[in-house]
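The values are calculated or read from the model by the stated rules, or taken from the named source; none is laboratory data. What you are looking at is a predicted structure, and each value in this text was computed from that prediction instead of being measured. For neighbour counting, all protein chains shown are included, and Cβ atoms are generated from backbone atoms with ideal geometry for every residue, glycine included. Calculation scope for accessible area: heavy atoms of the full protein, side chains included, ligands and nucleic acids excluded. Shrake-Rupley method; radii C 1.70, N 1.55, O 1.52, S 1.80 Å.
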Amino acid sequence: EDPSSSSSTQNSVAPELPGFYYDPEKNRYFRLLPGHNNHNPLTKDSIQHKAMECKRLRLLEEEEKQKKTTRAGLNSSVLLQKRQLGLLSSTSYCRLVHELKVNCMQRRKIEIHSPDSSVAGTNNFKIIVADVACERIFTVNDVEHGGCKYGIINLSGLGKESLTVEMYDNLYFTNRKVNSVCWASLTHPDSHFSLTHFSKLCLMGIAETPGCASLLPASLFSSTNPGDRPGMLCSFKISTAWSCAWCLNPQADNCFSTGLTRRVLVTNVVTGHRQTFGTSSDVLAQQFATQTPVLYNGCRSGEIFSIDVRQRNRKGQSWKATRLFHSSAVTSVHLMEAEHYLMAADMAGKIKLWDLRTAKCVKQYKGHHNEYALLPFHVNEEEGLLIAVGQDCYTRIWSLQDARLLRTIPSPHPSSKDAIPSVVFSSRLGGSRGVPGLLMAVKQDLYHFSYN
């Protein structure tokens with residue numbers, strides 16, 4: 001049974017009566033109220049919340065006792081024996097080993113240190129995003145008096161026994177909602193024979209008008225003298241933004257895209273040149289291909305389409321190439337490494353894998369929960385895993401190959417709309433010599449699930 005499902009607490013003996021709730025502990029019916037009431041807070045929402053909290057606590061207890069369900073006969077000795085006998089291919093062996101490790105992950109709380117003692121543990125985590133090497137985590141935190149502020153967490157301390165990370169804050173802060181964040185890379189000539197590579201942060205997606213897309217240098221977040229830090233690199237004023245993506249293809253160098261209300265805006269940060277593509281719906285999710293300068297977009301209408309950004313702006317021309325359709329608003333898209341497959345999630349809780357060559361859905365990953373939130377998912381093709389956090393605050397991990405739900409991880413905090421965890425999964429947390437595992441940020445805490 002899915003531990004987050006809102007099944008009724010009634011047993012088979014007590015029939016369900018409209019407008020009443022049966023309490024099995026007290027063995028009697030109670031009248032349901034249409035709304036909240038301070039004198040008698042027995043409402044449908046409170047009952048569902050109580051049932052979900054009981055299941056969360058039960059699952060947490062099972063996690064501590066390591067009572068996790070795995071495939072029958074799945075253990076390290078059996079897998080190794082089958083591999084030595086030639087009964088398992090190397091690909092199948094590695095996939096099953098990763099599946100076994102996922103089921104053995106244990107939660108440990110991470111200590112967050114900061115040069116500024118007022119930074120660590122004072123604000124709730126909202127978004128965490130890792131760079132390509134997983135050496136640093138960019139964070140968006142909710143501030144108590146309203147708004148958001150940004151920071152960077154250095155993961156180099158995860159390899160030590162005492163799990164500690166360094167968090168660096170900056171002076172920039174916004175009183176508007178941040179919808180989307182992505183890492184960006186800029187290359188500038190440093191001399192006549194070499195290029196210096198600068199890692200930047202591309203922050204965009206302000207869900208208010210007027211909005212903005214900002215590009216911040218990562219050097220803003222360091223332990224050096226604040227007076228020596230550079231200012232904001234650039235900020236582009238735009239209308240209501242929902243998503244963003246950075247292009248790594250050299251044919252669209254130094255370009256990023258923002259998904260707006262009924263249009264897509266592609267901007268060159270060096271020249272400032274803008275290209276607009278009109279759409280029939282709000283663009284909630286975006287990702288660039290790396291082999292070609294093609295942008296994939298997921299819309300509120302459920303449509304997914306691609307745009308070749310090399311096209312010139314001509315009125316009356318159709319920009320859409322590949323077109324796929326979900327039955328609900330698309331909240332996240334991910335182009336697989338070979339770029340023949342695209343994975344997409346929607347607000348109906350469906351995660352589908354699409355074959356771009358045939359425009360058909362080839363796999364569906366069941367169990368994800370979403371009703372109206374912009375929730376991302378994470379794909380690790382190297383280890384054959386899909387990770388997604390649902391609106392019910394459960395983190396689920398699937399096998400990419402057979403779409404089997406491998407594990408459901410409860411949140412360490414009670415479920416609520418403002419306590420949905422944000423996660424990062426990698427086999428090298430902290431860099432090339434880093435430790436594998438899952439990072440979970442929820443409320444003011446950061447947790448590491450060791451992937452040993």
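Name the single residue, out of those in the stretch 401-413 being modelled with pLDDT of 90 or more, assigned to a loop (DSSP other than H, G, I, E, B) and not polar (S, T, N, Q), that is least open to solvent (accessible area, probe 1.4 Å).
Of everything passing the filter in the stretch 401-413, Pro410 is least open to solvent (accessible area, probe 1.4 Å).
Residues being at pLDDT 80 or above and either surrounded by 14 or more Cβ atoms within 10 Å (Cβ to Cβ) or within 30 Å of Phe221 (Cβ to Cβ) (or both): count how many of those fall in the stretch 83-96.
Final tally of qualifying residues: 2.
Condition check: modelled with pLDDT of 95 or more, under 21 Å from Tyr296 (Cα atoms) and either of a type outside the set (Phe, Trp, Tyr) or open to solvent by less than 60 Å² (accessible area, probe 1.4 Å) (or both). Does Phe325 satisfy that?
On the way: modelled with pLDDT of 95 or more: yes; under 21 Å from Tyr296 (Cα atoms): yes; either of a type outside the set (Phe, Trp, Tyr) or open to solvent by less than 60 Å² (accessible area, probe 1.4 Å) (or both): no.
Criteria not met by Phe325.
List the pairs whose first member sits in the stretch 341-370 and is part of a strand (DSSP E or B) and open to solvent by 20 Å² or more (accessible area, probe 1.4 Å), whose second member is acidic (Asp, Glu) and at pLDDT 95 or above, and whose Cβ atoms are under 7 Å apart, counting only residues at least 6 apart or on separate chains?
Tyr341/Asp355; Val362/Asp355
Would you mind stating whether Asn313 is at negative phi, assigned to a loop (DSSP other than H, G, I, E, B) and at pLDDT 90 or above?
Here the answer is no, as Asn313 does not meet what is asked.
Select, from Gln286, Gln275, the only residue that is surrounded by fewer than 21 Cβ atoms within 10 Å (Cβ to Cβ) and outside any loop (DSSP other than H, G, I, E, B).
Only one candidate passes the filter, namely Gln275.
Do we find that Tyr447 is part of a strand (DSSP E or B) and either modelled with pLDDT under 95 or among the acidic types (Asp, Glu) (or both) in this structure?
yes
Look at Ala388 and say whether it is more than 23 Å from Glu111 (Cβ to Cβ), part of a strand (DSSP E or B) and under 17 Å from the mean Cα position of the chain (by Cα).
Against the criterion (more than 23 Å from Glu111 (Cβ to Cβ), part of a strand (DSSP E or B) and under 17 Å from the mean Cα position of the chain (by Cα)), Ala388 qualifies.
Which of (1) part of a helix (DSSP H, G or I); (2) at pLDDT below 80 does Arg58 not meet, given it meets every other one?
Only one criterion is unmet by Arg58, namely (2).
Which one of Glu64, Glu135 is at pLDDT 85 or above and open to solvent by 70 Å² or more (accessible area, probe 1.4 Å)? Working first, answer last.
On the way: Glu64 fails: at pLDDT 85 or above.
Exactly one of Glu64, Glu135 is at pLDDT 85 or above and open to solvent by 70 Å² or more (accessible area, probe 1.4 Å), namely Glu135.
Among the residues of the stretch 232-271, write down those that are open to solvent by 40 Å² or more (accessible area, probe 1.4 Å) and assigned to a loop (DSSP other than H, G, I, E, B).
Answer for the stretch 232-271, where residues must be open to solvent by 40 Å² or more (accessible area, probe 1.4 Å) and assigned to a loop (DSSP other than H, G, I, E, B): Met232, Leu233, Leu248, Asp253, Thr261, Arg262, Val270, Thr271.
I need the full set of residues from the stretch 420-452 which are in contact with a Lys or Arg (Cβ under 6 Å, 6 or more places away or on another chain) and of a type outside the set (Phe, Trp, Tyr), in order please.
Matches in the stretch 420-452: Gly434, His448.
Mind listing whichever residues of the stretch 371-388 are open to solvent by 10 Å² or more (accessible area, probe 1.4 Å) and either without any contact (Cβ under 8 Å) to a residue 40 or more places away in the chain or in contact with a Phe, Trp or Tyr (Cβ under 7 Å, 6 or more places away or on another chain) (or both)?
Glu371, Tyr372, His378, Asn380
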